[in-house]
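What follows is a set of notes on a single structure, which appears directly below.
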C-alpha cells in the first residue's frame, strides 16, 4: 500500500523492500506490535470473512454493502469466484459514480461480536484497480456511528494485506460492531475493488514503541565482506536468465563501502519473476509483530524489481511491492505484520528477497 493515511487507529502494514528490517517507533509513522490473545483457536470473530458461506449472496451471510440513499453514488456489489485471495470466493465492488461522503459507497462484515475495553487487530486482504483507494474502518453499527479505528490505503492492482489495531472504549454498551470498507473516492470511478479473508482478532494492547530503531538484518549494508554477500541468498535460473551474475560492488554504494549488484544476462519473456532473486536471509521475526522495512535501490533506468518478505520454506509472502528502478538511489519503505498464513509452519525467520526476473531487465544492472 502506498500513501496510507491514519486519522484514527494504528497503521501496521504497507508495502516492502530489501535491506533493513527494523522494529521502531520514532516519529510520525508509529510502528507497534500486537500479540494474539491466548484464547482457544480460532481467534477470528468475523463470520464468513472469506465469503465461503455462499457462492452468490453476501446479504444475510454476515456482510452488507450499499450506496447511500439520495447520493449520486452508483456501484454494484457481488460475491465473485473470478478474483480471490484464497478459498473460492471474494467480495467485489464495481464503482461507476461517486457521491460526496466517504460512506456513500461501502461494504463489509456486520454484526461482529466484540467485548468492551478489548484490543483487536483488523486484518484483511484486498485488491483494487491501480490508483483506486479505500478506507478500512471499524465502527458502531448505529447512531452515532463512532469509528474506533481505520486505515486508508491506495491500491496497486495486486493483492495486499491491510492491518491495524484499535481498542474499544471500556464503556461500550453494544456487543457487536461492523467493519465497513469505504470506497467513495474521486479516483474510483470505473474501478473494481476486491475484499477477502477479513478477520478481527483479539490481541493484547500494543506496548509503547521502543526508542530508536533496532536493525534485525545481518549484513544488510554488505559491509561484512568486500567480496562475498554474507547472510544473503541469490539465484538465477540458467535457462530463463542465462548469464545473470551477483556480486558485492564498491562502485557507487548508497552508504558505507559496498552494495549488492545484479548484472543481468538475457531474461526470457513469460518467465517467472523468481528466476532472478536475491536478498538477506535468516531475519528473525515474531508472529504478530509489526516491522518497518527499508532499503535503497538504483539501477538501469526502466528496470524493475518486486521486493518481498517471505517465509523461507513455504514461500508465503507477507508483503510485497513492485518498484520501477531509476538510475538514482531511491528509498523503498513500508510496514509489514507477520501473521499466521494458515499453515502449520512456524514464523520465526523470514527472507527478504527481491524478485527481478523481468524481461525488461535483460542487460541491465540493479544495486541494492
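Here is how the numbers come out for the structure above:
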quantity	calculated
Filter pass, residue 262 being part of a strand (DSSP E or B) and out of contact with any strand residue (DSSP E or B) (no Cβ under 6 Å at 6 or more places or on another chain)	no
Residue identified as modelled with pLDDT under 90 and touching a strand residue (DSSP E or B) at 6+ places or on another chain (Cβ under 9 Å) among 107, 141, 157	141
Residue list for the range 270-289, filter: within 15 Å of residue 232 (Cβ to Cβ) and either free of Cβ contacts under 8 Å to residues at least 12 places away in the same chain or assigned to a loop (DSSP other than H, G, I, E, B) (or both)	281, 282
Candidate set: the range 308-329, residues that are over 19 Å from residue 232 (Cβ atoms) and free of Cβ contacts under 8 Å to residues at least 40 places away in the same chain; chosen: the one surrounded by the most Cβ atoms within 10 Å (Cβ to Cβ)	316
Search result, residues across the range 237-262 that are crowded, with 17+ Cβ neighbours inside 10 Å and modelled with pLDDT under 90	237, 240, 241
Answer residue from the range 290-318, given it is touching a strand residue (DSSP E or B) at 6+ places or on another chain (Cβ under 7 Å) and in a loop (DSSP other than H, G, I, E, B) and is nearest to residue 230 (Cα to Cα) among those	312
Which listed residue, of 233, 220, is surrounded by 13 or more Cβ atoms within 10 Å (Cβ to Cβ), assigned to a loop (DSSP other than H, G, I, E, B), in contact (Cβ under 8 Å) with a residue 24 or more places away in the chain and in contact with a strand residue (DSSP E or B) (Cβ under 8 Å, 6 or more places away or on another chain)	220
Residues (modelled with pLDDT of 90 or more and touching a strand residue (DSSP E or B) at 6+ places or on another chain (Cβ under 6 Å)) located in the range 86-103	89, 90, 91, 92, 93, 94, 95, 96, 97, 103
Unique match (being over 14 Å from residue 354 (Cβ atoms) and either surrounded by fewer than 20 Cβ atoms within 10 Å (Cβ to Cβ) or in contact with a helix residue (DSSP H, G or I) (Cβ under 9 Å, 6 or more places away or on another chain) (or both)) among 301, 305	301
Residue match in the range 15-33 (condition: buried (at least 21 other Cβ atoms within 10 Å of the Cβ), at pLDDT below 90, closer than 19 Å to residue 196 by Cα and out of contact with any helix residue (DSSP H, G or I) (no Cβ under 8 Å at 6 or more places or on another chain))	yes
Tally, over the range 173-190, of residues that are more than 15 Å from residue 135 (Cα to Cα) and not in a strand (DSSP E or B)	5
Checking residue 342 against (1) modelled with pLDDT of 90 or more; (2) farther than 18 Å from residue 282 by Cβ; (3) under 20 Å from the mean Cα position of the chain (by Cα), the condition it does not meet	(1)
Unmet criterion (only one of (1) within 30 Å of residue 43 (Cα to Cα); (2) buried (at least 18 other Cβ atoms within 10 Å of the Cβ)) for residue 286	(2)
Residue within the range 191-205 that is at pLDDT below 85 and in a loop (DSSP other than H, G, I, E, B) present	yes
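The values are calculated or read from the model by the stated rules, or taken from the named source; none is laboratory data. Not measured: the values here are computed from a predicted model. Here Cβ is always computed from backbone atoms with ideal geometry, including for glycine, and neighbour counts include all displayed protein chains.
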